[in-house]
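See below for the structure under consideration.
The values are calculated or read from the model by the stated rules, or taken from the named source; none is laboratory data. Please read all numbers here as calculations on a predicted model, not as lab measurements. For the accessible areas, the whole protein counts, side chains as well, though only heavy atoms, and no ligand, DNA or RNA atoms are used. Shrake-Rupley method; radii C 1.70, N 1.55, O 1.52, S 1.80 Å.
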Amino acid sequence: MSESGDDERRPGQQGRRRGNGPNGTGSNEKELASQQVQIQSKRFYIDVKENQRGRFIKLAEVGVGGRKSRIVLSIAAAHDLKQFLCEFSDLNAQMGPSQPNQQNSSESKRGELDAGLIKSEIITKDRKRYYLDFKENQRGRFLRISMVVQRGPRAFIAIPAQGLIEFKDHLSDMLERYGVGFEQEQPQPDLPESKSVKADNKIFYFDSGSNARGVFLKISEVRQSRYRTSITIPQAHLAEVRDQINDFLNKLPASPSATEASQQ
């Protein structure tokens, strides 16, 4: 482990400011501290950063060729993650040694899309959703942490089960030194609560949010495989979209279920 010791970074990077903050505000961000964590053959970074919206944690996993996968959490969400790291580590210890051969057999029964899933948890903070999936494959058990983003594929990192406590210790150290006073969720506009609709093997989520450009509604489609697609509709166009949907419904023939319901 090293703090601000990434050999890929230029000297004096700690404390420097960068443009275009991760929260989409376009404001400068300042790096306060960085820790490098080596777990088996994987290299991770835990960065504490700050912009005009507050202080936050950025987790990064360095892959082949130096490519990084990044997860951004508020201080409040990072505290929740710390607790789940302990719980998943305890679960891994209770399960005993990993058995890849037995796991391959169970994967064939459950199918490839949900193969190896042992337990899942969800963190919802600051109108963001994080999925924690404890899984197992031929290389062993690991915790996959994924962040739902408004555009593009879901960002994720994968921590080997043997390193969960070590990762938690480094995260705790950062939170103790830089997270005091930032534990509360960031203030948000008074917006409607999130809703969901289950349709066959899909779930549709309706989440309101806000950014520098105003209020919006995000509609996400999540399948059983956790594959997600989403669209974002600005507040100014919500009524227009609603009218288009109503017009579409009025022109559709009545479904069998709707006809039966009206006759009862």
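A few remarks follow.
- Cross-link pairs exceeding 18 Å in C-alpha to C-alpha distance, out of LYS125/LYS198; LYS125/LYS195; LYS135/LYS218; LYS58/LYS218; LYS58/LYS128; LYS82/LYS218, comprise LYS125/LYS198; LYS135/LYS218; LYS58/LYS218; LYS82/LYS218.
- Residue order by solvent-accessible surface for HIS237, HIS79 is HIS237, HIS79, largest first, with ligands and nucleic acids left out and a 1.4 Å probe.
- Isotropically averaged projected area of segment 27-100, using the convex hull of Cα atoms (one quarter of hull area), nm²: 6.6 nm²
- Using a probe of 1.4 Å, the accessible surface attributed to TYR227 totals some 120 Å² when neighbouring protein chains are kept in position.
- Full-stretch length increase - ASP169, SER210 - with 0.36 nm per residue and alpha-carbon distance subtracted: 11.4 nm
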